[in-house]
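Contents: one structure, followed by commentary.
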Amino acid sequence: MPEKTHRDTVFVENANILLHDAWPGEQYVLRVQAPKCAAHATPGSFAHVQCGPDLPMRRPLSIMRAHASAGWVEFLYKDVGSGTHELSKRTTGESISLIGPVGVPFTPDPERPHTLLLGGGVGMPPMVFLADRLRKDARWQPVVFMGSEVPFPFNAQPSRFLLPGMPEGIIAAMPLLEDWGIPSRLASLQAYPGCYEGYITDLARLWLDDLDAEARATVSLFACGPHPMLAATATLAREYDLPCQVSLEEYMACAVGGCAGCAVAINTPDGPAMKRVCVDGPVFDAYTVDW
């Protein structure tokens, strides 16, 4: 039997709500006290959250930030169904049950220190978590591009960092990343001020095109977002011959590998296979996914 690498690293906790902020576009930032999850969370992992006492089916939420010493984890989610709608009603001081952290994380390659992170919509949280982890090691030089078709769940500010290939006026950035010293830019089709008007992968192409061959040889891609965006990211990676890891989003029931309801087609050395997003992923090599 193969070793169960997730054993003893996934915990059930009753987590007290520390913060629950609403943002335009029915988006919410949720921070909960969950010391075991916080201590073991890695960029790309998620938690399976019970949204309400009368909803037995949990919902998977990507971890956006984790503070091991303070014992909290943070999520960004959208109110898009009965579960997340119920979760949106929960208030500070209440307790929710979560299972986590679950899943295979991103694994940056030290030989590719220029990391380009692409986050679309509710795919932004894993990119924030990965950027947070990368900034703590001087080897890495992360750049983050984020896209959204609803208002961003933060108050964008002009970036103080210059980036190759950026058109004039494309200066909107995420304040948290600015505070961390990480360059970022925002993209949208909604003509938000300072944002690139187009797809996030087109913005990435502008950045890549402005690099010479030697610089591009040190770049790797990481992405999370809607399926069409991830497929476009995989195409971009092939076009520029870049390694690329993607975090897939699928509906799931158990989130611990038992039901196989979140299986996706993956090309393996032994041929096509169905892999579970919850425990075999959610992070996969983009070149192996059957888009």
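The values are calculated or read from the model by the stated rules, or taken from the named source; none is laboratory data. Computed from a predicted structure; not experimentally measured. Cβ sites come from the backbone with ideal geometry, for glycine too, and all protein chains shown count toward neighbours.
Worth a mention:
- Inter-residue pairs, beta-carbon under 9 Å, first not assigned by TED's automatic domain parsing to the domain that holds Tyr77 and surrounded by 13 or more Cβ atoms within 10 Å (Cβ to Cβ) and in the stretch 147-167, second β-branched (Val, Ile, Thr) and part of a strand (DSSP E or B), 6+ apart: Pro153/Val29; Phe154/Val29; Phe161/Val143; Leu163/Val143
- Residue list for the stretch 276-291, restricted to those being part of a strand (DSSP E or B) and buried (at least 20 other Cβ atoms within 10 Å of the Cβ): Arg276, Pro282, Val283, Phe284, Val289
- Filtered residue count, the stretch 19-53, keeping only those that are small (Gly, Ala, Ser) and farther than 25 Å from Gln245 by Cβ: 4
- Taken over the stretch 138-159, the residue count meeting the criterion of being over 15 Å from the mean Cα position of the chain (by Cα), modelled with pLDDT of 95 or more and assigned to a loop (DSSP other than H, G, I, E, B) is 8.
- Test result for Leu76, buried (at least 20 other Cβ atoms within 10 Å of the Cβ), over 19 Å from Gly261 (Cβ atoms) and without any contact (Cβ under 8 Å) to a residue 60 or more places away in the chain: no
- Of all residues making up the stretch 131-146, the number that are surrounded by fewer than 18 Cβ atoms within 10 Å (Cβ to Cβ), in contact with a strand residue (DSSP E or B) (Cβ under 8 Å, 6 or more places away or on another chain) and free of Cβ contacts under 8 Å to residues at least 40 places away in the same chain: 1
- Verdict on Ala260 being without any contact (Cβ under 8 Å) to a residue 40 or more places away in the chain, outside the structural domain of Ala187 (by TED's automatic domain parsing), farther than 24 Å from Pro43 by Cβ and in a strand (DSSP E or B): no
- Residue list for the stretch 8-55, restricted to those being more than 14 Å from Ile96 (Cα to Cα) and assigned to a loop (DSSP other than H, G, I, E, B): Asp8, Thr9, Val10, Pro24, Gly25, Glu26, Ala41, Thr42, Pro43, Gly44, Ser45
- Any hit, the stretch 91-106, residues being in contact (Cβ under 8 Å) with a residue 12 or more places away in the chain, assigned to a helix (DSSP H, G or I) and surrounded by fewer than 23 Cβ atoms within 10 Å (Cβ to Cβ): no
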